[in-house]
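Take a look at the structure set out below.
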């Protein structure tokens, strides 16, 4: 987050980035943003932002466990996301 951006502006920016081409991803990512982001540490937040940079198919395959990552922070975050309730 830049020094000039307010926390609300940062959340709005991330909320927009959570909107994907797959509803399944939208649900999981938006749930994380609303419930887990506020209490996440800086490393987990950075991992979440790295996930948001991935193309939808790659992110989806990581999330469902079809593909794996060598990054332990991403792996931990993906495991947390897999436990997200699907409303």
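Every read-out reported here was derived from the displayed coordinates using simple, explicitly stated rules and does not represent laboratory data. Everything quoted here is computed from the prediction, not taken from an experiment. Glycine gets a Cβ as well: all are built from the backbone with ideal geometry, and neighbour counts include every protein chain shown.
Residue 53: touching a residue at least 12 places away in the same chain (Cβ under 8 Å) and loosely packed, with under 14 Cβ neighbours inside 10 Å, yes or no?
Answer is no for this residue.
Residues of the stretch 31-50 being in a loop (DSSP other than H, G, I, E, B) and surrounded by fewer than 16 Cβ atoms within 10 Å (Cβ to Cβ), which ones?
41
Could you list, in sequence order, all residues of the stretch 51-60 that are part of a helix (DSSP H, G or I) and within 15 Å of residue 15 (Cα to Cα)?
51, 52 - these are the residues of the stretch 51-60 that are part of a helix (DSSP H, G or I) and within 15 Å of residue 15 (Cα to Cα).
One line per residue, one yes/no per condition, for (1) part of a helix (DSSP H, G or I); (2) without any contact (Cβ under 8 Å) to a residue 60 or more places away in the chain; (3) touching a helix residue (DSSP H, G or I) at 6+ places or on another chain (Cβ under 6 Å); (4) exposed (fewer than 13 other Cβ atoms within 10 Å of the Cβ):
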position: 17; (1), (2), (3), (4): yes, yes, yes, no
position: 29; (1), (2), (3), (4): yes, yes, yes, no
position: 62; (1), (2), (3), (4): yes, yes, yes, no
position: 67; (1), (2), (3), (4): no, yes, yes, no
position: 70; (1), (2), (3), (4): no, yes, no, yes
position: 77; (1), (2), (3), (4): yes, yes, yes, no
position: 85; (1), (2), (3), (4): no, yes, no, yes
